[in-house]
Structure formats: C-alpha cells, structure tokens
Amino acid sequence: MNPHPSWMPPRWRAWAAAGAAALSWAALAAGTTAEPPSLLDFSAAERAQIVAHGPWPPKPRADGSNRVLGQTAAQAWGASLFFDTRLSANQRLSCASCHQPNRAFQDGLTTAIGRTAGQRNTPGLLDVAQWRWLGWGGTHDSLWSASLTPLLSDGEMQQTVPGLAERVRNTPELAAGYREAFGQAPPTEDTALVVDLAKALAAYQATLISPRTSFDAFRDALARGDSASAAHYSPAAQRGLRLFLGEGRCTVCHAGPNFSNGEFGDIGVPFFVPDGVDPGRYRGLQQLLASPYNRLGAFNDAGATDPGAVGTRHVILEPRHFGEFRVPSLRQLVHTAPYMHNGSLPSIETVVQHYSQLNEDRLHADGERILRRLNLSDEQSADLAAFLRSLSD
C-alpha cells in the first residue's frame, strides 16, 4: 500500500509512513478475514482478467490541452487555490468545501449543496486525471474545463469571469501565485486569466492518486506467479472477485486499472427528479458541444493537433444517451458513499442488492443488453461486497 498519498496532510503522512514499516500481508489479511490463507483455483483466463486491472498506480496521463500540467509551481498554486475561499463570490466557499480530502474528495451527501435539488451526487476527485469525460453526464472533456464550471456556477461559487479575474489581479497573494505558476503577470484579458486559474486547479487535482489496496497486492502477486503471497488475500474477496469477473459481468463496464471504462450507461437507476427528469449523458453532450471551453475551442493549449479532441469532434448525440450516466471508478469505494449519480444507494450492500434484484424493464431496450438480474444468494452478495471493499485502502 502507498502509505502517504499526495493529498494527505503532512501529519497524516508521517503516521502512515511509520505504520507502513510494520505492515505485512498477514496483518492486512487479519483485518479482513479470520479464514486461513488460501488461493482459489483461478483459471488462466481469470488470471488474465485480474492482471488487466493493474498495475497501480498508473502512469500519469498526458494532456497537452493544459500547458502547466505536471509543473510543480502550477501544482502548488493549484493546491492553494483549491482551499482558498476567495475564489467564491461571497468568499465563504472553496473547492474543498464539497470535495473534502478526508472523504476521498467527496462530501458524503446524497446530492450536492447548491446544485439543482434532488439531482447529482458530488463525485470524488481521486484519480480524476485518468478520466476522458468528466461529470456524471460527461459535460467536460478536460479536467481544467471541469474545474472552471463550479467557479462560474450560480448554484456553487457564483463567480463571473470579470469578477474572478479582477479578484486575482487585485489580490497581491493571488497575483503573485499566478506569476509563480505561469512565469508572467496575470493577462489583461479576463477569460484567459480565469481559464489559467482552472488549469492550475487541474494541475493540482491531477496529483490526487488513490493509494494501493489489498487487491493491488493480490493482483501483483498473481502477475509474478507468487501464489503464496496471493493466498493472503481474503477468501471472501477472492470469491467475490470471481463473481465480478464471471457471472456478474461487472468488468464489461468496470474495466482496467481504474475499474471503469470511462463511458456511460443506463443501469436501471431512476432518473426522475422533483422538476422532471435528469437527461444524463444526453444533456451532458449538449452542454459539452456548446461550451467555448471544450477541446475544440480556443483555450486548448495543444490546438488543433490535440489527440484528446478526437472524441469531442466525432461524438454523436443520440436518443439512447438519455438517462445514461458515467461509469464511476470503484477505487476507494468505501470512502465515497452514498452511491449512484443521485446518491440514492447508501451502502455497498445496497449497491450489490440493486444488481441482484435489477428491474430489467427500466433499462434501455435498444442496443446490446449487458445487464441482467443476478439473483445472488446471501453468501454471494456478501462475497461481492467483500471484494468491492478490498478496492479501498
């Protein structure tokens, strides 16, 4: 396990580093099961599927649309901005007000404060740099554009482009932070300055990598053929993993090291809200294509050659997108309850129950039917929940 992820306060890192010196596979296993070490007879195909969910952590994902991504000075200023209430119109809210570090950069609420009542759950930010599309509906195609929207939203930080630009220029500390991060004085053009502010925030958020888990140690042991070490992974989690790979067909959507294909789907969660419906990906695509801050716009530092713009350029709005929502990562799942786009499921057990008792009539009728009712036994449900918990540190 990674004992000191970058988002931890220094004191937490010291405690974690001290504890890591004594951490062993036996201690890890003892915290999850009382059963003796044993390894299921996973087939070659199953082992290949398991290994495909790593390694972790991943290599940094390049993004030429943000010229300061990966630069230390921009990351430092972005970290300061993330906790700075001066970015909001009333100087009371910061990004961290809703994306709290001790909650895996989520807020623990059913739906976010300040957004349309009864609609969206606040997504966590760990591993956010791995995403191709951002937001439950995929409204954004870059981390910096996703960082800009809350600043300018009437329901969140309630800023305007001129107001925010003026605050940065007229606050000596903020102006100095810009010069340090970008190597020049704040630009006179308001929109350019505010977009750069969002790019610094994105540079910081790209450093938020979730720690390794017991699953990662198990996966790595299998990859190197170390069956003795792999056997210390909870037997219940192993059984749940087999369900996850096989009968549950969970890997169709929750694929790869991040346990998500990064795309969108209808999973039978109602999308009705008090004032109508939440169109999900359908509305997200409409907003993405209309935004001046998407990868096809003038603020993409990579210009027309940006390979990340291909998806935005060729995406097609279709009726099937109505009511689809982004497939979330399953990493650090224990820390990001409640679940689903509307925060309607309070626990991992209720998520498992949702798929076990899935109402297939709620699913889209067009296209390939991926999901089906699982009808899990109590033991199978407990095993699947044990596996999902093992994806958290």
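Please find, within region 270-301, the residue that is nearest to PHE325 (Cα to Cα) out of those that are crowded, with 18+ Cβ neighbours inside 10 Å and aliphatic (A, V, I, L, M).
LEU285
Can you confirm whether VAL351 is without any contact (Cβ under 8 Å) to a residue 40 or more places away in the chain and buried (at least 18 other Cβ atoms within 10 Å of the Cβ)?
Working: without any contact (Cβ under 8 Å) to a residue 40 or more places away in the chain: yes; buried (at least 18 other Cβ atoms within 10 Å of the Cβ): yes.
Yes.
Can you tell me how many residues within region 139-153 are out of contact with any strand residue (DSSP E or B) (no Cβ under 6 Å at 6 or more places or on another chain) and in a helix (DSSP H, G or I)? Explain how you work it out, then say what you get.
Filtering region 139-153 for residues out of contact with any strand residue (DSSP E or B) (no Cβ under 6 Å at 6 or more places or on another chain) gives 139, 141-145, 147-153.
From what is left, the residues that are in a helix (DSSP H, G or I) are 143-145, 147-152.
Residues flagged as out of contact with any strand residue (DSSP E or B) (no Cβ under 6 Å at 6 or more places or on another chain) and in a helix (DSSP H, G or I) within region 139-153 amount to 9.
Which one of these is in the same structural domain as GLY240 (by TED's automatic domain parsing), under 30 Å from ARG242 (Cα atoms) and without any contact (Cβ under 8 Å) to a residue 24 or more places away in the chain: ARG224, ARG219? Can you show your working first?
On the way: ARG219 fails: without any contact (Cβ under 8 Å) to a residue 24 or more places away in the chain.
The unique qualifying residue is ARG224.
Let's see how each residue does on (1) at pLDDT 95 or above; (2) aliphatic (A, V, I, L, M):
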{"site": "ILE113", "(1), (2)": "no, yes"}
{"site": "ALA117", "(1), (2)": "no, yes"}
{"site": "ALA129", "(1), (2)": "yes, yes"}
{"site": "GLY137", "(1), (2)": "yes, no"}
{"site": "LEU151", "(1), (2)": "yes, yes"}
{"site": "GLU156", "(1), (2)": "no, no"}
{"site": "VAL168", "(1), (2)": "yes, yes"}
{"site": "LEU174", "(1), (2)": "yes, yes"}
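Do you know which residues across region 68-107 are outside any helix (DSSP H, G or I) and over 27 Å from PRO328 (Cα atoms)?
First, the residues of region 68-107 that are outside any helix (DSSP H, G or I): 68-71, 83-84, 88-94, 98-100, 104-107.
Within region 68-107, GLN71, ASP84, SER88, ALA89, ASN90, GLN91, ARG92 meet the criteria.
When you go through ALA192, ALA181 one by one, which is the residue that is assigned to a helix (DSSP H, G or I), closer than 14 Å to ALA73 by Cβ and among the hydrophobic types (A, V, I, L, M, F, W, C)? Steps first, answer last, please.
Details: ALA192 fails: closer than 14 Å to ALA73 by Cβ.
Testing whether each residue is assigned to a helix (DSSP H, G or I), closer than 14 Å to ALA73 by Cβ and among the hydrophobic types (A, V, I, L, M, F, W, C) leaves just ALA181.
Taking region 250-270 as the region of interest, how many residues are part of a strand (DSSP E or B) and under 12 Å from the mean Cα position of the chain (by Cα)? Explain how you work it out, then say what you get.
Narrowing region 250-270 to residues part of a strand (DSSP E or B): 264-265.
Of the ones still in play, those that are also under 12 Å from the mean Cα position of the chain (by Cα) are none.
Within region 250-270, residues that are part of a strand (DSSP E or B) and under 12 Å from the mean Cα position of the chain (by Cα) number 0.
I'm checking my understanding of the structure. Among residues of region 286-298 that are of a type outside the set (Gly, Ala, Ser) and in contact with a Ser or Thr (Cβ under 8 Å, 6 or more places away or on another chain), which one is farthest from ASP63 (Cα to Cα)? Full working, then the answer.
Of the residues in region 286-298, the ones of a type outside the set (Gly, Ala, Ser) are 286-289, 292-296.
When the remaining residues are screened for being in contact with a Ser or Thr (Cβ under 8 Å, 6 or more places away or on another chain), the result is 287-289, 293-296.
Values: GLN287: 21, LEU288: 18, LEU289: 19, TYR293: 15, ASN294: 13, ARG295: 11, LEU296: 14 Å.
Only one residue fits best here, namely GLN287.
The values are calculated or read from the model by the stated rules, or taken from the named source; none is laboratory data. No experiment lies behind these values; they were computed from the predicted model shown. We place every Cβ from the backbone using ideal geometry, glycine too, and count neighbours over all the protein chains shown.
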